[in-house]
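Student: Submitted below is the structure of interest, expressed as structure tokens.
The values are calculated or read from the model by the stated rules, or taken from the named source; none is laboratory data. Nothing here was measured: the structure is a model prediction, and the numbers come from that model. Ideal geometry is used to build each Cβ from the backbone, glycine not excepted, and the neighbour counts take in all protein chains shown.
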Amino acid sequence: MTGFQFNTTKSLICRLGAATDLAASAGAILGQRVLIITDPGIRALGLIDGAVESFVAAGREVSVFDQVEADPSRSTLMAAASAGRSFGATGVVGFGGGSSLDVAKLAALLLGSDQPLDEAWGVGNAKGPRLPLVLVPTTAGTGSEVTPVSIITVENDEKRGVSSAVILPDLAVLDAGLTLGLPPAITAATGMDAMVHAIEAFASKSPNNNPLSRMLAREALRLLGANIETVCQDGSNRQAREAMLLGSMFAGQAFANSPVAAVHALAYPIGGIFHVPHGLSNALVLPHVLRFNAEAQPKLYDEIAADAFPSLADVEQGRTSAFIDALVSLAARLKLPPRLRDVGIPEEALPRMAADAMKQQRLLVNNPRVVTEIDALAIYRSAW
């Protein structure tokens, strides 16, 4: 075993109803003036109401920034930081899907540090300090509550990332009750996103790929594979919702330390240019990237195939290929669009997407097989 480093969120709470008494668990961390960062949909559904009421009842002052959009822009991030600065925030709560959590991470960094954002992009460049930070996910997909990564859309529809242990939160609160109202399409896309995290973390070529990440990736696939269809068919199944949220977190812990690779690199232009939700973007290119990798390493995914799909344990020859086919069948049963053309991407856009994907070298270096721009274009064509 080679040496490795493993970082994760300092403290976790996993309990139904935990979000409604957030002041009790997080008040001492966040201080007197709490900035909650979320999106308009979460605000309209009233999902943050319990948390706000708990802070007010505890004598804390609360300000809500609710303008986070999917694939959040740099201007949205700066607006959130400005709102926190005007309010005099002493702590930040990210409440919502991955977009809200990503904005909260960097808003906490900008509010707690004089470091310019443009100096923080990349791996290990964010130095901090940051404001106290608590993250509350409302989807079982990104695992952002336990990752040191934040992705923001900048100029020319490019997705740019900050990766630093500095932006890991002080506390993550997993309340499966917040996910009960998710529509099947969002549940399916975010669940597939979590499966991608686990798959890529397990096979990552990162020098920090480690036994803990591989163990967590496999347990994530067991939980996600066993429950994703259940939650899409019966969104009120609390036990399955809890399993999905836990599986998403395990996958997040795995890829936070053994980073993702070409699936994400090729998904980013789909989301950045065409505003396809991140989980669906991943699902659209997943089988095509895995087949590309398997051409060089035919048994690459043999070990994890039966974790997600127990019936594959009996497949002795071609298990990796069967695993990829099973993922395609799963996406079809979940009623996810199968091809790039089905989400409105024109064929003439593929060369630009391939060029944009090459900007994601921090991810591509982790892929089990080298991906050139020609390769990326061929993968997009197979997905189109």
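Student: Are any residues in the stretch 363-372 under 18 Å from ILE270 (Cβ atoms) and in contact with a Pro (Cβ under 9 Å, 6 or more places away or on another chain), and if so, which ones? Spell out the reasoning first.
Tutor: As a first pass, look at the stretch 363-372 and keep what is under 18 Å from ILE270 (Cβ atoms): 363-364, 367, 371.
LEU363 - this is the single residue of the stretch 363-372 that is under 18 Å from ILE270 (Cβ atoms) and in contact with a Pro (Cβ under 9 Å, 6 or more places away or on another chain).
Student: Return the total of residues in the stretch 79-123 being touching a residue at least 12 places away in the same chain (Cβ under 8 Å) and either out of contact with any Gly (no Cβ under 9 Å at 6 or more places or on another chain) or not assigned by TED's automatic domain parsing to the domain that holds SER163 (or both). Reasoning before the result, please.
Tutor: Applying the first criterion (touching a residue at least 12 places away in the same chain (Cβ under 8 Å)) to the stretch 79-123 yields 79-81, 83-85, 87-113, 115, 117, 120-123.
Subset that is either out of contact with any Gly (no Cβ under 9 Å at 6 or more places or on another chain) or not assigned by TED's automatic domain parsing to the domain that holds SER163 (or both): 79-81, 83-85, 87-88, 93-95, 99, 106, 117, 120.
So the answer is 15.
Student: While we're here: Is it the case that ASP71 is of a type in the set (D, E, K, R), under 30 Å from PHE255 (Cα atoms) and not in a loop (DSSP other than H, G, I, E, B)?
Tutor: Working: of a type in the set (D, E, K, R): yes; under 30 Å from PHE255 (Cα atoms): yes; not in a loop (DSSP other than H, G, I, E, B): no.
No; evaluated as a whole, the condition is false for this residue.
Student: Let me ask something additional. Quick check on this structure: which one of LEU280, LEU245 is assigned by TED's automatic domain parsing to the domain that holds PRO207, surrounded by fewer than 24 Cβ atoms within 10 Å (Cβ to Cβ) and not basic (Lys, Arg)?
Tutor: When all the criteria are applied, what remains is LEU280.
Student: Follow-up question, since we're still on this one. Do you know which of the residues in the stretch 325-365 that are β-branched (Val, Ile, Thr) and either part of a helix (DSSP H, G or I) or modelled with pLDDT under 95 (or both) is nearest to VAL263 (Cα to Cα)?
Tutor: VAL328
Student: Looking only at the stretch 132-154, which residues are more than 15 Å from the chain's Cα centre (by Cα) and in a helix (DSSP H, G or I)?
Tutor: none
Student: Which of the residues that make up the stretch 296-353 are of a type in the set (Asp, Glu) and without any contact (Cβ under 8 Å) to a residue 60 or more places away in the chain?
Tutor: Narrowing the stretch 296-353 to residues of a type in the set (Asp, Glu): 302-303, 307, 314, 316, 325, 342, 347-348.
Those that are of a type in the set (Asp, Glu) and without any contact (Cβ under 8 Å) to a residue 60 or more places away in the chain: ASP302, ASP314, GLU316, ASP325, ASP342, GLU347, GLU348.
Student: Just checking, how many residues over the stretch 12-44 are surrounded by fewer than 14 Cβ atoms within 10 Å (Cβ to Cβ) and touching a residue at least 60 places away in the same chain (Cβ under 8 Å)?
Tutor: 1
Student: A further question on this structure: Residue check: is MET249 within 29 Å of GLY46 (Cα to Cα) and out of contact with any Phe, Trp or Tyr (no Cβ under 6 Å at 6 or more places or on another chain)?
Tutor: yes
Student: Is it true that some residue in the stretch 310-323 is touching a Pro at 6+ places or on another chain (Cβ under 7 Å), assigned by TED's automatic domain parsing to the domain that holds LEU216 and within 30 Å of GLU158 (Cα to Cα)?
Tutor: no
Student: Looking at the stretch 29-85, which of its residues are farther than 15 Å from ALA107 by Cα and of a type in the set (Gly, Ala, Ser)?
Tutor: Answer for the stretch 29-85, where residues must be farther than 15 Å from ALA107 by Cα and of a type in the set (Gly, Ala, Ser): GLY31, GLY41, ALA44, GLY46, GLY50, ALA51, SER54, ALA57, ALA58, GLY59, ALA70.
Student: Yes or no: the stretch 105-121 includes at least one residue that is assigned to a strand (DSSP E or B), out of contact with any Phe, Trp or Tyr (no Cβ under 8 Å at 6 or more places or on another chain) and of a type outside the set (Lys, Arg).
Tutor: no
Student: To continue, here is another question. Among the residues of the stretch 150-174, which ones are of a type outside the set (A, V, I, L, M) and surrounded by fewer than 24 Cβ atoms within 10 Å (Cβ to Cβ)?
Tutor: GLU155, ASN156, ASP157, GLU158, LYS159, ARG160, GLY161, SER163, SER164, ASP170 - these are the residues of the stretch 150-174 that are of a type outside the set (A, V, I, L, M) and surrounded by fewer than 24 Cβ atoms within 10 Å (Cβ to Cβ).
Student: Let me confirm something: among ALA80, ALA70, ALA19, which residue is of a type in the set (Gly, Ala, Ser) and more than 18 Å from THR153 (Cα to Cα)? Steps first, answer last, please.
Tutor: Values: ALA80 fails: more than 18 Å from THR153 (Cα to Cα); ALA70 fails: more than 18 Å from THR153 (Cα to Cα).
Unique residue meeting the criteria: ALA19.
Residues checked against (1) without any contact (Cβ under 8 Å) to a residue 12 or more places away in the chain; (2) closer than 30 Å to ILE374 by Cβ:
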residue	(1), (2)
MET192	no, yes
ALA198	no, yes
ASN237	yes, no
MET244	no, no
PHE250	no, no
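Student: Then there's this: Please tell me if ALA172 is outside the structural domain of ALA107 (by TED's automatic domain parsing) and either in contact (Cβ under 8 Å) with a residue 12 or more places away in the chain or not polar (S, T, N, Q) (or both).
Tutor: It is false that ALA172 is outside the structural domain of ALA107 (by TED's automatic domain parsing) and either in contact (Cβ under 8 Å) with a residue 12 or more places away in the chain or not polar (S, T, N, Q) (or both).
Student: Determine whether the stretch 155-170 contains at least one residue that is of a type in the set (Gly, Ala, Ser) and part of a helix (DSSP H, G or I). Break it down into steps so the answer makes sense when it comes.
Tutor: Let us first name the residues in the stretch 155-170 that are of a type in the set (Gly, Ala, Ser), namely 161, 163-165.
Next, only the ones that are part of a helix (DSSP H, G or I) stay: 165.
Checked against the condition, which is being of a type in the set (Gly, Ala, Ser) and part of a helix (DSSP H, G or I), the stretch 155-170 yields at least one hit.
Student: Answer yes or no as to whether ASP375 is assigned to a helix (DSSP H, G or I), under 22 Å from the mean Cα position of the chain (by Cα), farther than 26 Å from THR187 by Cβ and in contact (Cβ under 8 Å) with a residue 12 or more places away in the chain.
Tutor: Here the answer is no, as ASP375 does not meet what is asked.
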